[in-house]
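Shown next, in structure tokens, is the structure this report addresses.
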Amino acid sequence: MASSSVFSPLLPPLRLSTSCGTRSTAVHAVSADIAAPATPPAAPLAAVSHRRELVVGTALGALLSRTPLPAGAREVEAGKYLPPAPSSPGFVFFKATTKDTPALRAGNVEPYEFILPPTWKQLRVANILSGNYCQPKCAEPWVEVKFEDDKQGKVQVVASPLIRLTNRPNATIEDIGSPEKLIASLGPFVTGNTLEPEEIIETSVEKIGDLTYYSYVLETPLALTGSHNLAKATAKGNTVVLFVASASDKQWQSSQKVLKAMVDSFQV
């Protein structure tokens, strides 16, 4: 896996190299009295893409991990409004409906579900990340929902238009490629910056009903989202849906079983 794909509601998704790059500079107008130099040959496509990837990656990391939350973004504890999970004592059950996100209202994403501890709180997704401005025909990926607990970690559901990963309409996740190929494309939305091949500790494939799910265990010491990441993805309709659980080293020590249970429970 030589590179990772990055996507942002602000810019087209690009291939994100893990190598260092340079910043682009603005070209100032040249005085009419001075002969403008001959137009240099166009930069190779890979070099242009690389420079743009760095910009997008930096912006994406800030939005996912470092941008302060707006006032009132933290909601009440999930246990105060979600029902207990029938088969998972100590958890509550979240099933997304059309009331929850613009994409669900537009029919762009199928309803999804997962369990979470009752003490976790839902975070407001910034409009720029929610896809609210482009539904129902978004060309860029977006964040559906986010939940967090300061002591245990955070989870988020990310949706990506299928067309960004394959030209086949209504493709299955197997049509897109192997687990490694998929995470190469979606990895930056898991980590907030880059994903190295050696950071993929484990992959697995599971069939639930008519859908196939790819699951991942990632050790990402430089990730902006956290040094430990778990992910689970599937494709349905015209969308790939990715569930991500992230934790710092301190959070991971006490919450890895909880995070794994949340990821395992995710279904579309």
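The values are calculated or read from the model by the stated rules, or taken from the named source; none is laboratory data. Because the structure is a prediction, the values reported are computed rather than measured. FYI the Cβ positions are ideal-geometry reconstructions off the backbone, even for glycines, and counts take in every protein chain you see. Heavy atoms of the whole protein, side chains included, go into the accessibility calculation; ligands, DNA and RNA do not. Shrake-Rupley method; radii C 1.70, N 1.55, O 1.52, S 1.80 Å.
Here Lys99 meets the list (1) surrounded by 18 or more Cβ atoms within 10 Å (Cβ to Cβ); (2) not in a strand (DSSP E or B) almost entirely, failing just condition (1). Confirm whether Pro83 is modelled with pLDDT of 95 or more and more than 26 Å from Gly226 (Cβ to Cβ). Here the answer is yes, as Pro83 does meet what is asked. Across region 86-96, the number of residues qualifying as open to solvent by less than 20 Å² (accessible area, probe 1.4 Å) and in contact (Cβ under 8 Å) with a residue 60 or more places away in the chain comes to 1.
When residues in region 170-203 are screened for being open to solvent by 30 Å² or more (accessible area, probe 1.4 Å) and within 20 Å of Asn238 (Cβ to Cβ), 5 of them pass. Among the residues of region 109-119, just one is out of contact with any Gly (no Cβ under 8 Å at 6 or more places or on another chain), open to solvent by 20 Å² or more (accessible area, probe 1.4 Å) and part of a loop (DSSP other than H, G, I, E, B), namely Pro111. Within region 212-244, the residues that satisfy the criterion of being open to solvent by 30 Å² or more (accessible area, probe 1.4 Å) and more than 18 Å from Ala261 (Cβ to Cβ) are Glu219, Pro221, Leu222, Leu224, Lys236, Gly237, Asn238. Checking Ala223, Ala261, Ala247 one by one, the residue that is under 29 Å from Pro118 (Cα atoms), in contact with a helix residue (DSSP H, G or I) (Cβ under 8 Å, 6 or more places away or on another chain), at pLDDT 95 or above and not hydroxyl-bearing (Ser, Thr, Tyr) is Ala247 and no other.
Going by the structure shown, is Gln122 in a strand (DSSP E or B), of a type outside the set (A, V, I, L, M, F, W, C) and open to solvent by 10 Å² or more (accessible area, probe 1.4 Å)? Yes.
Where residues in region 125-167 are outside any strand (DSSP E or B), closer than 24 Å to Lys95 by Cβ and of a type in the set (Gly, Ala, Ser), which of them is modelled with the lowest pLDDT? Of everything passing the filter in region 125-167, Gly131 is modelled with the lowest pLDDT.
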